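Step one of this worksheet: look at the structure below.
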Amino acid sequence: KNTENQMLVIFGASGDLTARKLVPALFNLYLDKQLPENFIVLGASRTNMTDAEFRNKVVLESSYLQEKFKDLKEDHKATFANRFFYEDLGGDYDTDYYTLKKRIEALNDAEGTEGNIMYYLSTPPTLYETIAKNLAAAGLNTQNNGWKRMIVEKPFGYDLETAKKLNKGLQNYFKESQIYRIDHYLGKETVQNLLVTRFANSIFEPLWNRNYINHVEITNAESVGVEKRGGYYDSSGALRDMFQNHLLQIVSLIVMEPPIGDHPEEIRNEKVKALKSLRIMKDDKTIHDHTIRAQYMGSNIDGKSIKGYREEDGVAKDSLTETYAAIKFFVDNWRWKDVPFYVRTAKRMPTKVTEVVIHFKSPHHQIFQDSGMQSKDNKLIIRIQPDEGILVKFGVKVPGQGFKVERANLDFYYSSLAETHVMEAYERLLLDAMQGDATLYARADEVEAAWEFVNPILDYWKNGTDVRMYGYASGVWGPVNADELIDGIGMWRNPGP
Ligand code: BG6
């Protein structure tokens with residue numbers, strides 16, 4: 001695909017995301033020769049900095065770059081840094097963007113970026129609409145001389161109402177086709193591979209339905225706690241922070257019908273349909289019975305004492321924000337009717353892992369003797385991270401007399417494709433947006449459909465009666481009560497490191 005000459009304008013460029021994620025991703029693209037001939041970055045934020053200071057901060061003296069590219073030649077870094085510029089917006093984002101416009105025009109002329117501009121909003125979401133409005137007022141949204149696109153970071157709304165308001169607010173100034181809502185999970189190779197596994201093979205899709213699948217399990221575990229983001233996290237929680245976006249995106253790829261082609265809108269149309277078919281939990285009793293929330297508590301791991309969630313900086317002492325969420329739900333459509341989905345996400349788990357497990361039904365007539373396997377049913381395990389790969393579990397005969405069955409694995413690991421460089425999420429997503437490919441970005445209706453599903457749970461957790469909040473020691477697989485959720489159907493698969 002063609003990457004046209006362009007300028008990336010980052011709002012909130014003095015923040016952590018720019019140095020931590022965006023610049024390393026751009027640097028990789030640069031080393032891979034994926035950036036167009038004329039490409040520059042213009043940082044914009046409220047901090048007073050010169051071009052040189054900005055270059056030092058995010059490139060030349062950045063510890064993130066240093067760490068990632070250990071044996072990098074200094075002159076490489078220096079040439080790359082020359083592509084960076086900075087514009088101080090003054091004290092406020094809600095201001096006249098006249099000076100910014102003049103700077104953009106001057107840089108565009110000098111650097112040959114042909115009027116193509118990608119705005120990256122890496123500010124608090126409360127500023128998104130304001131920025132869009134001021135860009136429009138300065139005529140910086142018009143596409144008559146080069147395209148204009150806008151990438152927005154999550155959180156995309158705080159609930160259904162605010163998400164709708166935000167979508168509307170942005171769409172007042174930019175067309176939906178100009179807006180790219182980033183969900184970094186969609187940038188993960190293995191998440192995209194869900195589509196390929198399903199739709200480029202003939203051996204899985206015929207089984208991919210209620211006739212053969214018993215249940216679907218998704219686990220997203222992190223070993224870290226809230227790190228330095230206690231303040232943000234306490235007003236968010238696992239449901240908003242991970243489930244509404246990343247996990248429901250994964251769900252939509254598992255649930256969706258085959259698209260008629262690989263055009264971004266064809267794929268996104270099917271994802272929206274999938275999200276709209278999730279059965280919304282309307283009454284308190286269902287939510288009460290089908291959801292579990294919990295918080296991590298202090299504990300001692302390998303002689304190191306770990307703080308409980310409520311002791312973290314920025315977290316209220318009596319906080320009721322969940323760091324663990326497990327949800328059971330159904331999908332009301334022809335393919336999935338009555339197949340339960342179990343999805344959990346949490347911090348302070350024993351390890352960091354994300355995986356999808358498709359549990360197939362048992363053969364309907366058992367003829368061989370059970371060898372005492374924990375579970376003899378077939379499973380397809382899609383390991384999203386780490387050790388990205390795919391695993392099929394199936395029964396084989398134990399050598400010797402009789403027909404004892406043992407479980408064996410067929411596995412594929414991405415690491416075995418040694419010569420391929422697996423692009424990191426931000427790298428892949430940035431390049432896609434730079435090329436105008438929105439396949440891996442969330443559309444407004446997708447985001448809203450995901451909130452439709454999540455909203456009643458948030459409401460109940462906030463205002464319901466008899467809402468439970470469990471605790472779990474840091475470093476274990478969540479509260480024991482979560483077993484009740486999946487009881488009767490099996491047990492959670494707790495993957496090893
Ligand atoms: C972010 C969340 O979106 O995803 C974080 O805000 C979380 O709380 C992170 O730690 C996890 O991403 P990854 O790629 O490490 O699984």
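The values are calculated or read from the model by the stated rules, or taken from the named source; none is laboratory data. Note that the coordinates shown come from a computational prediction; the quantities given were computed from them, not determined experimentally. A quick note on method: Cβ atoms are made from the backbone with ideal geometry, for glycine too, and the neighbour counts reach across all protein chains shown. What goes into the accessible areas is simple: the full protein's heavy atoms, side chains included, and nothing from ligands, DNA or RNA. Shrake-Rupley method; radii C 1.70, N 1.55, O 1.52, S 1.80 Å.
Quick look at the numbers
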{"quantity": "Set of aspartates and glutamates with alpha-carbon distance to Lys317 below 16 Å, sequence-local pairs under 8 removed", "calculated": "Asp234"}
{"quantity": "Region 306-335-region 14-75 distance, computed between alpha-carbon centres (Å)", "calculated": "34 Å"}
{"quantity": "Global form of region 372-486, assessed from the alpha-carbon gyration tensor, a/c cut-off 1.5", "calculated": "oblate"}
{"quantity": "Sulfur and carbon atoms: percent of accessible area, the chain [1.4 Å]", "calculated": "50 percent"}
{"quantity": "Estimated FRET transfer efficiency when R0 is 25 angstrom, pair Asp487-Phe394 (beta carbons, to 0.05)", "calculated": "0.45"}
{"quantity": "Extension gain, Lys361 back to Ser299 (0.36 nm per residue minus Cα-Cα distance, nm)", "calculated": "18.5 nm"}
{"quantity": "Computed over the chain, Cα set: Rg, Dmax in Å", "calculated": "24.2, 84"}
{"quantity": "Cα-projected label distance for Asp411 with Phe69, points at 7 Å along beta-carbon direction, nm", "calculated": "3.4 nm"}
{"quantity": "Cα gyration tensor, region 182-256 - rounded (a/c under 1.5), prolate or oblate", "calculated": "prolate"}
{"quantity": "For Tyr470, distant residues with modelled amide H under 5 Å away", "calculated": "Arg293, Ala294, Gln295"}
{"quantity": "Thr354 long-range amide H proximity, modeled H, under 5 Å", "calculated": "Ala221, Ile384, Gln385"}
{"quantity": "Region 98-177, Rg to Rh (Cα coordinates; Rh as Kirkwood inverse mean 1/r)", "calculated": "1.01"}
{"quantity": "Estimated FRET transfer efficiency (Asp32, Asn211; beta-carbon r; R0 35 Å; 0.05)", "calculated": "0.20"}
{"quantity": "Percent antiparallel among DSSP beta bridges (both partners in the chain, rounded to 5)", "calculated": "55 percent"}
{"quantity": "FRET efficiency, Thr439 to Asn201 (Cβ-Cβ, R0 22 Å, nearest 0.05)", "calculated": "0.65"}
{"quantity": "In region 12-45, the trypsin sites (Lys or Arg not before Pro) that fall in loop regions by DSSP, at most 13 other Cβ within 10 Å", "calculated": "Lys33"}
{"quantity": "Backbone HN-Hα couplings from phi across region 433-444 [Karplus 6.51/-1.76/1.60, Hz, Gly and Pro as x]", "calculated": "5, 4, 9, x, 9, 9, 3, 9, 10, 7, 7, 3"}
{"quantity": "Rough spin-label spacing in nm, given labels placed 7 Å along Cα→Cβ, for Thr162 and Asn56", "calculated": "3.7 nm"}
{"quantity": "³J(HN,Hα) computed for each position of region 287-295 - Karplus, 6.51 cos²θ - 1.76 cosθ + 1.60, integer Hz, glycine/proline x", "calculated": "5, 4, 7, 10, 10, 9, 10, 7, 10"}
{"quantity": "Label-point gap, in nm, between Ser223 and Phe330 - each point 7 angstrom along Cα→Cβ", "calculated": "3.9 nm"}
{"quantity": "Under 5 Å, built H, 5+ apart or other chain: amide partners of Val405", "calculated": "Ser371, Val398"}
{"quantity": "Phi-based couplings in Hz for region 22-32 (Karplus 6.51, -1.76, 1.60; Gly and Pro marked x)", "calculated": "5, 5, x, 5, 5, 5, 4, 4, 5, 5, 7"}
{"quantity": "For region 162-216, the spread of Cα positions along each principal axis, largest first, Å", "calculated": "46, 22, 16"}
{"quantity": "Considering only region 294-404, percent of DSSP beta bridges that pair antiparallel, nearest 5", "calculated": "95 percent"}
{"quantity": "Links that overshoot a 30 Å alpha carbon limit, given the list Lys21/Lys393; Lys271/Lys379; Lys228/Lys462; Lys77/Lys307", "calculated": "Lys21/Lys393; Lys77/Lys307"}
{"quantity": "Whole-angstrom gap from region 210-244 to region 430-452, using each part's C-alpha centre", "calculated": "20 Å"}
{"quantity": "As computed over region 226-372, the Cα convex hull volume per residue (Å³)", "calculated": "200 Å³"}
{"quantity": "Accessible surface, region 375-474, averaged per residue in Å² (probe 1.4 Å)", "calculated": "47 Å²"}
